[in-house]
Structures are given as C-alpha cells and as structure tokens.
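The values are calculated or read from the model by the stated rules, or taken from the named source; none is laboratory data. Not measured: the values here are computed from a predicted model. All Cβ positions, even for glycine, are placed from backbone atoms using ideal geometry, and neighbour counts span all protein chains on display. Each accessible area value is taken on the protein alone, full model and side chains, heavy atoms only, with ligands, DNA and RNA left out. Shrake-Rupley method; radii C 1.70, N 1.55, O 1.52, S 1.80 Å.
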Amino acid sequence: MWCSYRYRLFILCGVCLLTTSALPPPPPPHDVLHTTSTPSEQFSNHEILDDNGIFELFWKYNETHITFEAHVQTLGYVGLGLSAHGKMFPADVVVGWVKDGKTYFTDRHTIGHYEPIIDQSQDWFLIFGKEENDKTILKFVRKILLCDSEDISIEDGTTKIIYAWNSEDPIHETGLSYHGTNRGARNLLLLSPSQHRHLPPDAKHFDFLNKQFHLPARMTTYHCTSFKLPDIGGKNHMVMFEPILQKGNEGVVHHILVYHCPPSKQYDDKFINMEYECYEHAPRELNECRAIMLAWAVGGGPFYFPDDVGMPVGESTDSGVFVLETHYNNPTHLSDVVDSSGLRMYFTPTLRKYDGDIMQTGVAVDPLQMIPPGYASFLSTGYCGVDCTNKAFKDHPEGVKVFGIFPHSHLLGEAVRSRIIRNGVETVIADDENYDFDYQESRLLTEEVVIKPGDIIETECRYKSDDKSTVTLGGLSTNEEMCLVFLMYYPRVDIGQCSSLPIYDMYLKNRPSNENVGNMIKELGKMDWTNKTVQEQFSQATQQSRHFYTCIGKEGYSSYQRTEGPPPTISKKYVPKDVCSKKVLIG
Ligand SMILES: *[C@@H]1O[C@H](CO)[C@@H](O)[C@H](O)[C@H]1NC(C)=O
Ligand SMILES: *[C@@H]1O[C@H](CO)[C@@H](O)[C@H](O)[C@H]1NC(C)=O
C-alpha cells in the first residue's frame, strides 16, 4: 500500500475505475450494533463479545478507573479477564454469579489452563449483581493501573479480553464447572471512546468495489481500480465508511485503501474504471493518486467520524477520481479466488462544522527500512519533518486537531507509537504497546491532539525479530514490514503523505542506489545477529542515520518535496505512564 520510494525511485500507487449510475438509498450499515440490554446508567463504550450476542459488555473510564457492566444470557457463572496473549493463561480474571439472590464475585488469576485461583489482594470491586430476564448482570470497577503480581494494568491501545460463561452456578467458591465452548477472546480498545454509530437520515452511499477480480496464484498482489464519483450535487461530507468483504474471501483480503487523485487534474475517460496492478504497472496519471481517503485493514470494522467532522467529497473543484487499492495476501497460492470486496462510504449533504481529512505518516515504504533478525526489540522511526508541517499548516498557526488514528505495521510489529516533537520536547498522540496485526482498527482519541506548524510528527514501531533468520526489509508484502500511522484531523490542509527513511549514510558512502543497498543487505545477512554488540551497533546506526524526508501534497507529482537531513534532536523524551505490573503476568 502506501507507496513510496524504492531505492531512489519514486513509486506511486493507484488505479482508477468508474461508475456513474444513480446512487441507491443507503442500506443499513453492516455492523450497527444493536443493544439488546439496557444498562444501569449511560456507558461510553459497548461491545457484544461473542458471535451469538450472548455476552454483552458496557464500560466507561476516567483517568484512574474503569467500570464494566456485563449482561450475559446465562443464569450460571460469568468470567471476564485481561490476557497478554488472548489465552486463558496467563490472565487476570474476575468470576461472578448470582445464587439465591446473593452475588458472588472474586478477583482471580490463572496459573494454567484451568480454574483461576482467587487473588490474595482483591482489586476488582463488585458494584452490584443480579439476575433479570434470563441474564446475569454484573457491574464492577477497578483501577486502570494495578501494581501487584496477580493483576494486569490496562494500557492505551489494544487490550486482549477473554470471556466465558456456564449455565451452572458453582457449588463452592472453587470448583467451577468447565465452561466448554462458551468462551472466547476479543481485542478491544478499552481506553478509546466508542464511535458514535449513527448515520444522518439523508446519508447516501457509494461503493468502491473490486470487479470480480481473479486473484493470481501468488503470495502478494496489489490490485488497483479507478473510479469516478458521479455528480452528487456538490460538496457533501463523508461521515462513515465500512468494509464490504466478499464472503469466503476474508482470509486473503489484507488491506484496502482508497486514494484521492489530484483534485485539479482532468482525467481522460480511459483512466476511469481502469484495472491494473498497482505500482509496477500503474499508468503515470493514476500513479500519482496518493492522498489517502479511506483505510481499512484486516480485523477492522466500520469507522464513524465524530459528529462535528466530515470529509469533503463531490466538490465542484474536485476531479472526483479515486483509486481503490486492495492488498491480497495469498500465501497458499490459491488459484480459484474471484473477489469483489471493497469499501463503502456514506456521505451527507448536511455539512458538518469541520472539513476533516487523513494524512499518512511514518517510515517510507522502502527496503531501506531494515530489520535484522535476532532482536527481542528493534525500533524503526520515521518523521514528518519541520519543513513539511511548516508548509502544510502555514495557514493554521494555532494548529490542526488530530481526533483519530489508524496504526499499521506487519507481522513483526509489536508496538506502534505516534508522537509529536515540538521544540525538542516529545509528547504522545497515541501509543499502542500491544499492536496486533489481526486487529487493525481505526481509533478515536480520548482527547484531540494539536499539531502546529514546525512540529515534527514521529512514528515509531517496535519489532520482534528473534524468531527470524534473515533480514526483513520494508516493502509491500505482508512478509516485509511497514511502519505507518494514518492521522485523522481537521481542518483539512494540503497534505497527503509525510514520512522519512533512514539512508544509512555511514554504510552507504554514496547515496543509496539499487546496487549499494543490495550490497548492504548482503553484508547484513552475513553478520552474527546473536551477538548483542552487533545488535546494539546496528540499532544505534539506525537511530543516528540521516533521513530522506518526503512531503507530498494532494496534487501528486507537482506537490512532492524531498530533503535530506539528520534525525531530529529530542531534548526531553516522552515518558509513558508506568505500567508497573506489565511484566508480572506475562507467561
Ligand atoms: C473515576 O472513577 C472512579 C470510579 O467510578 C471514581 O471513584 C473516581 O472518583 C473517578 N475519578 C474522577 C477524577 O472523576
Ligand atoms: C561480538 O561482536 C563484536 C563487535 O563486532 C566483537 O568485537 C566481539 O568479539 C563479538 N563477540 C563474540 C562473542 O563473538
């Protein structure tokens, strides 16, 4: 996805296809979650954990505490827990049930894949429990940070939740009957506000779908299709988008993006409804469509913009041409997959207060992002430099406001961090220390974060490569790596992508070329990555390397700028809040 420089080449993604039929009225969005229970008070967050709608969880949080209310269709016991890996062990769990009008509730932890034992210190507290309409309802509260050896602290970003129920009440505090298949694990963004899942009544939709694309029998395919938005009567606000995944193909559709082509360009009809292989075979006219408009990846759901923000579409000054890019991941080389998956966007003529937009930040996708094997923790960092934020935000000295983010890395990614460096001081936009490749969800920030002209936007990914035997390079395939964060912000300015890339000037005496980068990769392949000194030296070289900084506006090639310079100096590092118990319950 997310094109970039390969070596010193400027590669752009894109494709374009068509459609000018009249727009149908919107079908109901695919996953409007229907609340089946009424909670005891208003909760900011709500999810149904299992596929059959049996385990419903409401929660809310403040700076220090998180309050849950579980509504579960059972008159037996209910279990809920936090787990580092989504497995029953190791996990911090609570178990509760209501029997003869009395509620039993205990804070426990697991010491194996069997009945959790009761903690010495009880740190999850029951507020009330009852049985009602064949459901067990438990409301309880705990601190977000817990610092004893039997509990897990809750961090920003992805949290793995495990849940279970049984139709029987236990006879004693111990001796729970086995829950059998009444259990599951879910990734939740516990400390991000729930999206307001609401569509305006006048919303219409437009689909960016693949057209029965016959997937080649190879690992990685980036398929592109171009579209022209029909006349929708002038400026509208896009307020929601959702994936439309063809049934049966969920396993091969890795990510889907929609790029906006340069607004002021005129596109010949032949560029509309074109299908091609992205990057290598893209026509130049469509290859410069690089401003991200919609981004979805495996595990994600629909995304609803906040009530006061919409992304402009249909403006008379706009080319209205878009490119749908689908990354298919086909490791078993299936040859009989035909796919019409894509994204659906909903838009409304009732304009909201702010024009919002999305910008891509991070490490440019390129083999110069190098992750040697053997590391328990290797950091790659990309920057959106001062020149770019000065230029892009020049009309907004007070800054633009980031309200949501979409982090993206591949299989080695364990953490994705988005930060700001202002006058040398580093602050956080959002960190996900538990990034999960299989759960790539756009997330709203609890508080908007301001980015000002002259700020540096820093994207850092932590990778774990200790079960690899070869160097992993940045690239498009799932087995290569990426380190990207899409920032959703308002008001809209002219910026599409802003990233950087270490150029390893200490290794590559001349500027990077296919040949000397190839040689460097070969050299790295011969080094002893089990040697900590070797590891440490390369980490330092990565962090101290000069960078190529790129800044691309919405007008494609003509808005593209590249500079070279040292990495930014950070005089005051951001110190994450102390998640003291983190190490304890990791098995
Ligand atoms: C946060 O929530 C907890 C639990 O409801 C409550 O006791 C505490 O007073 C709240 N803190 C603030 C600052 O509102
Ligand atoms: C590890 O690498 C360093 C630097 O190349 C070298 O000096 C040292 O001898 C190596 N240690 C071992 C145990 O091979």
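Quick grid of which residues meet (1) among the aliphatic types (A, V, I, L, M); (2) in a loop (DSSP other than H, G, I, E, B); (3) closer than 12 Å to TYR163 by Cβ:
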| residue | (1), (2), (3) |
| --- | --- |
| ASP50 | no, yes, yes |
| GLY53 | no, yes, no |
| GLU56 | no, no, yes |
| TRP59 | no, no, no |
| GLU63 | no, yes, no |
| ALA70 | yes, no, yes |
| LEU75 | yes, yes, no |
| LEU82 | yes, no, yes |
| MET88 | yes, yes, yes |
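Being assigned to a helix (DSSP H, G or I) and either touching a helix residue (DSSP H, G or I) at 6+ places or on another chain (Cβ under 8 Å) or buried (at least 24 other Cβ atoms within 10 Å of the Cβ) (or both) narrows it down to one residue among THR381, THR389; which is it? Before the answer, list the steps.
On the way: THR381 fails: assigned to a helix (DSSP H, G or I).
So the residue among THR381, THR389 that is assigned to a helix (DSSP H, G or I) and either touching a helix residue (DSSP H, G or I) at 6+ places or on another chain (Cβ under 8 Å) or buried (at least 24 other Cβ atoms within 10 Å of the Cβ) (or both) is THR389.
List the pairs whose first member sits in segment 529-541 and is at pLDDT below 95, whose second member is more than 7 Å from ligand 2 (Cβ to nearest atom) and open to solvent by 30 Å² or more (accessible area, probe 1.4 Å), and whose Cβ atoms are under 6 Å apart, counting only residues at least 6 apart or on separate chains?
none
Is it the case, given these coordinates, that LEU508 is away from ligand 2 (no atom under 16 Å from the Cβ), in contact (Cβ under 8 Å) with a residue 12 or more places away in the chain, aliphatic (A, V, I, L, M) and under 21 Å from ASP387 (Cβ atoms)? Can you show your working first?
On the way: away from ligand 2 (no atom under 16 Å from the Cβ): yes; in contact (Cβ under 8 Å) with a residue 12 or more places away in the chain: yes; aliphatic (A, V, I, L, M): yes; under 21 Å from ASP387 (Cβ atoms): no.
Against the criterion (away from ligand 2 (no atom under 16 Å from the Cβ), in contact (Cβ under 8 Å) with a residue 12 or more places away in the chain, aliphatic (A, V, I, L, M) and under 21 Å from ASP387 (Cβ atoms)), LEU508 does not qualify.
Name every residue in segment 90-99 that is among the small types (Gly, Ala, Ser) and under 12 Å from ILE162 (Cβ atoms), in order of residue number. Let's see the steps before the verdict.
Here is the first cut: in segment 90-99, the ones among the small types (Gly, Ala, Ser) are 91, 96.
Result: ALA91, single match.
Just give me the residues in segment 107-129 being in contact (Cβ under 8 Å) with a residue 60 or more places away in the chain and assigned to a strand (DSSP E or B), in sequence order.
HIS109, ILE127, PHE128
Is one or more of the residues making up segment 45-52 within 16 Å of ligand 1 (Cβ to nearest atom) and on the phi < 0 side of the Ramachandran plot?
As a first pass, look at segment 45-52 and keep what is within 16 Å of ligand 1 (Cβ to nearest atom): 45.
Filter again for on the phi < 0 side of the Ramachandran plot, leaving 45.
Taking every residue of segment 45-52 in turn, at least one turns out to be within 16 Å of ligand 1 (Cβ to nearest atom) and on the phi < 0 side of the Ramachandran plot.
From the set of residues in segment 34-67 that are under 29 Å from LEU245 (Cβ atoms) and open to solvent by 50 Å² or more (accessible area, probe 1.4 Å), which is modelled with the lowest pLDDT?
HIS34
Please state which one of GLY129, GLY112 is modelled with pLDDT under 90 and not β-branched (Val, Ile, Thr). Write out each step before concluding.
Values: GLY129 fails: modelled with pLDDT under 90.
After applying the criteria, what remains is GLY112.
Which of the residues spanning segment 540-555 are within 22 Å of ARG284 (Cβ to Cβ) and either in contact with an Asp or Glu (Cβ under 6 Å, 6 or more places away or on another chain) or basic (Lys, Arg) (or both)?
Here is the first cut: in segment 540-555, the residues within 22 Å of ARG284 (Cβ to Cβ) are 548, 550-555.
PHE548, GLY553, LYS554, listed by residue number.
Yes/no matrix, rows are residues, columns are (1) of a type outside the set (Asp, Glu); (2) within 16 Å of ligand 1 (Cβ to nearest atom); (3) out of contact with any Lys or Arg (no Cβ under 7 Å at 6 or more places or on another chain):
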position	(1), (2), (3)
ILE66	yes, yes, no
LEU75	yes, no, yes
ALA91	yes, no, yes
VAL95	yes, no, no
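For residues that are buried (at least 19 other Cβ atoms within 10 Å of the Cβ) and of a type in the set (Ser, Thr, Tyr), tally how many sit in segment 444-477.
4
Scan segment 184-192 and give yes if some residue there is exposed (fewer than 12 other Cβ atoms within 10 Å of the Cβ), out of contact with any Leu (no Cβ under 7 Å at 6 or more places or on another chain) and touching a residue at least 24 places away in the same chain (Cβ under 8 Å), otherwise no. Steps first, answer last, please.
Going residue by residue through segment 184-192, those that are exposed (fewer than 12 other Cβ atoms within 10 Å of the Cβ) are none.
The answer is no; no qualifying residue exists.
Looking at segment 336-365, which of the residues that are surrounded by fewer than 18 Cβ atoms within 10 Å (Cβ to Cβ) and touching an Asp or Glu at 6+ places or on another chain (Cβ under 8 Å) is nearest to VAL252 (Cα to Cα)?
Here is the first cut: in segment 336-365, the residues surrounded by fewer than 18 Cβ atoms within 10 Å (Cβ to Cβ) are 336, 338, 340, 349-351, 353, 355.
Narrowing further to those that are touching an Asp or Glu at 6+ places or on another chain (Cβ under 8 Å): 349-350, 353.
Working: PRO349: 35, THR350: 37, LYS353: 38 Å.
Out of the qualifying residues, it is PRO349.
Looking only at segment 246-265, decide whether some residue is closer than 30 Å to THR350 by Cβ, of a type in the set (Gly, Ala, Ser) and either open to solvent by less than 50 Å² (accessible area, probe 1.4 Å) or not in a loop (DSSP other than H, G, I, E, B) (or both). Don't jump to the end; show me each part of the working.
If we filter segment 246-265 for residues that are closer than 30 Å to THR350 by Cβ, which is where we start, we get 256-265.
Restricting the remaining residues to those that are of a type in the set (Gly, Ala, Ser) gives 264.
Now narrow it down to the ones that are either open to solvent by less than 50 Å² (accessible area, probe 1.4 Å) or not in a loop (DSSP other than H, G, I, E, B) (or both): none.
No, segment 246-265 has no match at all.
If you scan segment 130-148, which residues turn out to be in a strand (DSSP E or B), out of contact with any Gly (no Cβ under 6 Å at 6 or more places or on another chain) and not β-branched (Val, Ile, Thr)? Steps first, please.
So in segment 130-148, the residues in a strand (DSSP E or B) come out as 130-132, 135-143.
Next, only the ones that are out of contact with any Gly (no Cβ under 6 Å at 6 or more places or on another chain) stay: 130-132, 135-137, 139-143.
Passing the criteria: LYS130, GLU131, GLU132, LYS135, LYS139, PHE140, ARG142, LYS143.
Residues in segment 307-344 that are part of a loop (DSSP other than H, G, I, E, B) and out of contact with any Gly (no Cβ under 8 Å at 6 or more places or on another chain): how many? Walk me through it before giving the result.
First pass over segment 307-344, keeping only residues part of a loop (DSSP other than H, G, I, E, B): 307-308, 314-320, 330-337, 340-341.
Those left that are additionally out of contact with any Gly (no Cβ under 8 Å at 6 or more places or on another chain): 307-308, 317-319, 330-337, 340-341.
Qualifying residue count for the region: 15.
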